[in-house]
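Asks: Shown below is the structure under consideration.
The values are calculated or read from the model by the stated rules, or taken from the named source; none is laboratory data. As the structure is a computational prediction, the values presented were derived from the model and not from experiment. Here the Cβ positions follow ideal geometry from the backbone for every residue, glycine too, while neighbour counts run over all protein chains shown. Quick note on the areas: whole protein, heavy atoms, side chains included, nothing else; ligands and nucleic acids left out. Shrake-Rupley method; radii C 1.70, N 1.55, O 1.52, S 1.80 Å.
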Amino acid sequence: MANTLYNGATCRIPLRNQSLAFSRHVSRSLSFLPITRAAKQPNAIAVKASSHSDFDFDLSLSPRVNAVKPSKTVAISDHATALVQAGVPVIRLAAGEPDFDTPAPIAEAGINAIREGYTRYTPNAGTMELRQAICHKLKEENGITYTPDQVVVSNGAKQSIAQAVLAVSSPGDEVIIPAPFWVSYPEMARLADATPVILPTLISDNFLLDPKLLESKITERSRLLILCSPSNPTGSVYPKELLEEIARIVAKHPRLLVLSDEIYEHIIYAPATHTSFASLPGMWDRTLTVNGFSKAFAMTGWRLGYIAGPKHFVAACGKIQSQFTSGASSIAQKAAVAALGLGHAGGEAVSTMVKAFRERRDFLVQSFREIDGIKISEPQGAFYLFLDLSFYYGREAEGFGKIVDSESLCQYLLEVGQVALVPGSAFGDDTCIRISYAESLTTLQAAVERIKKALVPLSSAALV
């Protein structure tokens, strides 16, 4: 039998006369594989090719890859999806994906692009039409001026961020990341052989970075500060005054750049307002601004984002992209031009979605405030609620075991309440869990009832 792992649900691989079953839906450690050490590479792992073969092959991975942790949000979302497909009625509140369809004018632009044969490669940095539209948007909405050669369009904002980190970081550099953080920031730093420096924030401060803490942690190796406002996972929005204070600190350190992740800028709830870091005095030259179309325009599957900044840095991002993926989808770029043509901040199509997100936020905040022991920072943007449920840690759940951290609590809520959430440990704060309210109000109401019911026995359980 050949040693092929197929994409089917299960296959069997004969290794040293043993058959090992793998499932594509269940994450399993490879530590149980029968292994031998390769003779010439001390860190290499060799596995018998088959029970009928006498040679070994090397399964070792790059140390850079081994240092990277898999995304818990992706893993939990995939696991919840597998449960649903298996017939388990799980409510999925783990993924950060709007439940709305892409607005019709955007979708039509993509369809027309296909019909009109606009299906070939585009320039690596993106079409001139789209980059000009992005420049217009950034000037009119964000107060920052760029030319098309200072913009690179990528296959999602995630690619834009990864390329920026790779472009400016050298081995041993430090990437400063306030926590709670988006799960990929530290791993991107590790991929660049840089060191993530995590700065904790407090729920009592609405998870906003303390400038004094920032100043105390900057060293000669500090290269990049990553800011995300509105924030994933907290929904916090940095007020302009706080950003100005941070900018004054950045200005004192010539090596320090700022990556401003603004993917949620249009999903914001008044009176909160969005400020682009590059618009602050003296910060244009120091800032790499990342944005995209997935969140505000409900275009997650279209995979399109962009970075804007000084040409020297953006050109380096383009160089990386040219060797990784080349240009983004021609069809998605036509759709993006239509998205930017909907009007200021996405026009009525986006404002309608934001109104629904706000209604859902208000419902969740009110509902969880009624539960003893839960601490809340009311989100001012995005579509996440980051709840402190550490009150329940140390309690014994009958038939489940002890709740010791955010991961075990999320596992308990999945098994008992059949609600999929993301543990705060994935975002650098183990006291909390993240709830995505990018689902209908009816779905959220059902989820709250399940969570409440699951927490009742924990509330009365003794600490152990």
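Asks: Given a 1.4 Å probe, how much area per residue of the chain is accessible, in Å²?
Replies: 46
Asks: I'm spelling it out carefully: the read-out is Rg and Dmax of the Cα atoms in Å, the candidates are [x] 24.1, 99; [y] 21.5, 63; [z] 23.6, 70, and one was derived from this structure. Which label?
Replies: [z]
Asks: What net charge do the residues around Ala125 carry, taking every other residue with its C-beta under 9 Å from that of Ala125, with Lys and Arg at +1 and Asp and Glu at -1?
Replies: Result for the local shell: 0.
Asks: Using the crude model of +1 on Lys and Arg Cβ and -1 on Asp and Glu Cβ, and no other charge, please compute the dipole size for the chain relative to its Cα centre, in debye to 20.
Replies: About 1080 debye.
Asks: Please report the net charge: other residues with Cβ closer than 12 Å to the Cβ of Tyr393, K and R +1, D and E -1.
Replies: That works out to -3.
Asks: May I ask you to give the percent of accessible area on the chain that is carbon plus sulfur, with a probe radius of 1.4 Å?
Replies: In the chain, the share of accessible area belonging to carbon and sulfur is 53 percent.
Asks: Over all directions, the average projected area of the alpha-carbon convex hull for the stretch 104-344 comes to how many nm²?
Replies: 12.3
Asks: A follow-up question, please. Can you find, among Ala107, Ser60, His79, the residue farthest towards the positive end of the dipole of the stretch 55-118? Put +1 on the C-beta of Lys and Arg, -1 on that of Asp and Glu.
Replies: Ser60
Asks: Report the net charge of residues surrounding Ala192, where surrounding means a beta-carbon distance below 12 angstrom and charges are Lys +1, Arg +1, Asp -1, Glu -1.
Replies: Local charge sum for Ala192: -1.
Asks: Keeping all protein chains in the complex and leaving out DNA, RNA and ligands, what accessible area do you get for Phe324 with a 1.4 Å probe, in Å² to the nearest 10?
Replies: 140
Asks: Also, quick follow-up: For the stretch 206-219, what does the Karplus curve 6.51 cos²θ - 1.76 cosθ + 1.60, with θ = phi - 60°, yield as ³J(HN,Hα) per residue in whole Hz, taken in order and with x for Gly and Pro?
Replies: Going residue by residue, I get 6, 6, 9, 5, 7, x, 5, 5, 4, 4, 6, 9, 6, 10 Hz, with x marking Gly and Pro.
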